[in-house]
Amino acid sequence: PSGVSQTVRHEGMAMLAEGVAPALIENAARFAGMPVGPLAVTDEVSLELPMKIIRQSEEEMGSNYQRPCGYDVLDRMLSAGRAGRKTGKGFYEYPEDDAKRLSPDLAQLFPRMPVQPDADEIKQRLLYIQALETARCLEEGVLTDPADGDLGSVYGWNFPTYTGGTLSLVDTVGTAKFVSECDRMAQLY
């Protein structure tokens with residue numbers, strides 16, 4: 001489901017708002033086995049698309065809609081004229097004759113915490129938020145078979161293959177430990 005792939009992008013943006021260094025977010029995602037980080041993916045699809053989805057959801061659902069955790073970052077970035085790769089600047093800058101690079105402007109827009117979290121914590125947040133959302137899809141009947149969640153996560157949005165997929169990750173960790181870790185992170189973040 002596309003909502004699950006959006007979840008990791010919003011989690012990356014939430015980390016940025018918390019003061020996590022953008023390079024740490026992006027590198028931890030790659031170390032976790034993702035082909036690119038959540039900020040890079042957001043730049044590629046544009047920051048306008050997730051904002052359009054939010055606006056449409058608000059219109060359709062009214063007060064029943066809860067904005068995703070990355071909303072404030074999207075709003076601030078778009079207000080700063082940073083809509084993503086198609087405009088030449090988003091979380092990254094895209095010089096014509098050089099490789100893309102994280103924008104130095106992010107430090108002013110989103111001040112960094114003096115002490116950065118451990119990369120393993122960032123990896124776990126990025127992996128677990130996707131697994132949690134997939135479990136919700138199974139619980140709500142959007143998915144009818146856990147194997148579909150695993151296949152969709154690996155082939156649909158490049159969830160790290162070594163995990164076997166989002167729901168296999170939960171099985172590997174163990175449901176009780178997974179839930180405990182999700183509760184711990186919910187309290188912290």
Identify which of 132, 143, 47 has the largest mean-square fluctuation in a Gaussian network model of the chain, with springs joining Cα atoms closer than 10 Å.
143
Taking every pair of alpha-carbon atoms in region 1-93, give the share separated by more than 15 Å as a whole percent.
59
Solvent-accessible area per residue for the chain (1.4 angstrom probe, square angstrom):
52
Candidates 125, 55, 85: whichever shows maximal mean-square fluctuation once the chain is modelled as a Gaussian network with Cα springs under 10 Å
55
When ranked by the protection proxy of mean other Cβ atoms within 10 Å per residue, highest first, what sequence do the peptides 58-66, 75-83 form?
75-83, 58-66
Counting only protein chains, not ligands or nucleic acids, how are 69, 137 ordered by accessible area (probe 1.4 Å), most first?
69, 137
Computed on Cα atoms only, the convex hull of region 101-141 has an orientation-averaged projected area in nm² of 4.7
Top mean-square fluctuation among 122, 53, 25, Gaussian network model of the chain, C-alpha springs under 10 Å?
53
Note down the accessible area of residue 31, probe 1.4 Å, to the nearest 10 Å².
150
Sulfur and carbon atoms: percent of accessible area, the chain [1.4 Å]:
51
Among 165, 24, 104, which residue has its Cα furthest toward the positive end of the charge dipole of the chain, with +1 on Lys/Arg Cβ and -1 on Asp/Glu Cβ?
104
Direction-averaged shadow area of the convex hull around the Cα atoms of the chain, nm²?
11.3
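The values are calculated or read from the model by the stated rules, or taken from the named source; none is laboratory data. Everything quoted here is computed from the prediction, not taken from an experiment. Quick reminder, even Gly has a Cβ in these numbers, built from the backbone with ideal geometry, and neighbours come from all protein chains shown. When the accessible area is computed, the model is the full protein with side chains, heavy atoms only, and any ligands, DNA or RNA have been set aside. Shrake-Rupley method; radii C 1.70, N 1.55, O 1.52, S 1.80 Å.
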